[in-house]
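**Q** What follows is a single structure, and I will ask about it in a moment.
The values are calculated or read from the model by the stated rules, or taken from the named source; none is laboratory data. Small disclaimer: the values here were computed from a predicted structure and weren't measured. Because the Cβ atoms are built from the backbone with ideal geometry, glycine has one as well, and the counts that use them run over all protein chains shown. With ligands, DNA and RNA removed, areas are computed over all heavy atoms of the protein, side chains included. Shrake-Rupley method; radii C 1.70, N 1.55, O 1.52, S 1.80 Å.
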Amino acid sequence: FYRFQLLPVHGIPFMKPIADNWDRIETFQAKPDDLLIATYPKAGTTWMQEIVDSIMNAGDLKKVKRAPTHVRFPFLEICNPSPVPCGVDVLEETQSPRIIKTHLPYELIPKSFWEHECKVIYVARNAKDNAVSYYYFDLMNKTQPHPGTWEEYVGKFLKGNVPWGGWFHHVIGWWKARAKHQILYVFYEDMKEDPKREIRKVIRFLGKELSEDLLEKICQHTSFKAMKENPMANYSAMPDSVLDQSISPFMRKGEVSDWKNHFTVQQNEMFDAEYQKRMEGTDLKFRCSI
Ligand code: A3P
């Protein structure tokens, strides 16, 4: 694989295979019991997937550990050539209920999901930590455009000149969509603060009931430490030629406020000024954003 070029789809930059196959994604046929796990890249997708899989399998870890995360969760918009299986192809063969990963901004979700009133769990992460995590990911993921220096990357991130487009557009678009659809909007920082509380919300949203013992087991299984060591969750099943974990591990730090180790004072001031402009008028609030 090589670092794919970015091409716009409805104004949002996507890696070439996604842009080339946009018709197939747009016309995808959802089913009423499909569940979307939607995120901006690096907001905590894999963590939420592991939580949802554990809940759906009632904490049966044998079933949860049956395959690597990129195999267990079809990735809706991913198309060939790609190191992960093409989402639309895999989904046609997947038994319901299907748990589907997507990074699409709200307005690009295939309409069929809304016609069937599908449920969505959206995970959002504060912009600065999200940017740092995405920077390291773009360094180690050999299919994504090279991020350049951190200084260059901060500019690209703020402009939304990265795969799947801008963070502001994404988190605000999905936030507003709560008014129209069944969306559970979860914050990474809340999951870090009290994973049990947030997992309980997910259980309720999925209409399940689990014992306190199982809840405890799921908390342990989905902790950063456990997931970092779990080959079915830590992406070690992907070849180094795609994800080079010697550059940066997929389970990198898993912390809140790591941005403080990366932003210079100037970068922080510039970021804050842009942040204030872009978040004006929304009631979406992040605890660690500024
Ligand atoms: P960092 O790079 O800040 O460490 P995604 O799954 O959306 O690609 O997000 C990856 C980010 O979520 C990485 O952030 C990763 O470490 C973090 N992450 C994954 N599992 C986690 C967990 N159980 N607890 C906390 N953070 C987790």
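**Q** Can you run down the residue pairs with Cβ atoms below 7 Å, 6 or more apart or on separate chains, where the first is in the stretch 24-53 and among the small types (G, A, S) and the partner is outside any loop (DSSP other than H, G, I, E, B) and more than 13 Å from the ligand (Cβ to nearest atom)?
**A** Going by the 7 Å Cβ cut-off, the qualifying pairs are A30/S112; A30/F113; A38/V120; A38/W174.
**Q** Within the stretch 222-253, can you find the residues that are aliphatic (A, V, I, L, M), in a helix (DSSP H, G or I) and touching a Pro at 6+ places or on another chain (Cβ under 8 Å)?
**A** Filtering the stretch 222-253 for residues aliphatic (A, V, I, L, M) gives 226-227, 232-233, 237-238, 242-243, 247, 251.
Subsequent filtering for residues that are in a helix (DSSP H, G or I) retains 226-227.
Of everything in the stretch 222-253, nothing turns out to be aliphatic (A, V, I, L, M), in a helix (DSSP H, G or I) and touching a Pro at 6+ places or on another chain (Cβ under 8 Å).
**Q** What is the one condition in (1) away from the ligand (no atom under 14 Å from the Cβ); (2) part of a helix (DSSP H, G or I); (3) open to solvent by less than 10 Å² (accessible area, probe 1.4 Å) that K156 does not satisfy?
**A** Of the numbered conditions (1) away from the ligand (no atom under 14 Å from the Cβ); (2) part of a helix (DSSP H, G or I); (3) open to solvent by less than 10 Å² (accessible area, probe 1.4 Å), the odd one out for K156 is (3).
**Q** Of these, E198, E209, E193, E151, which one is at pLDDT 95 or above, within 13 Å of the ligand (Cβ to nearest atom) and open to solvent by 60 Å² or more (accessible area, probe 1.4 Å)?
**A** Matching residue, one of E198, E209, E193, E151: E193.
**Q** Also, I was wondering about something else. Out of the residues in the stretch 212-235 meeting the condition of being touching a Phe, Trp or Tyr at 6+ places or on another chain (Cβ under 8 Å) and among the hydroxyl-bearing types (S, T, Y), tell me which one is farthest from the ligand (Cβ to nearest atom).
**A** Among them, the one singled out is Y235.
**Q** On to the next question. Regarding V120, is this residue closer than 23 Å to A179 by Cβ and either open to solvent by 10 Å² or more (accessible area, probe 1.4 Å) or out of contact with any Gly (no Cβ under 7 Å at 6 or more places or on another chain) (or both)? Give the steps one after another, and end with the answer.
**A** Values: closer than 23 Å to A179 by Cβ: yes; either open to solvent by 10 Å² or more (accessible area, probe 1.4 Å) or out of contact with any Gly (no Cβ under 7 Å at 6 or more places or on another chain) (or both): yes.
Considered against the rule, which asks whether it is closer than 23 Å to A179 by Cβ and either open to solvent by 10 Å² or more (accessible area, probe 1.4 Å) or out of contact with any Gly (no Cβ under 7 Å at 6 or more places or on another chain) (or both), V120 comes out as yes.
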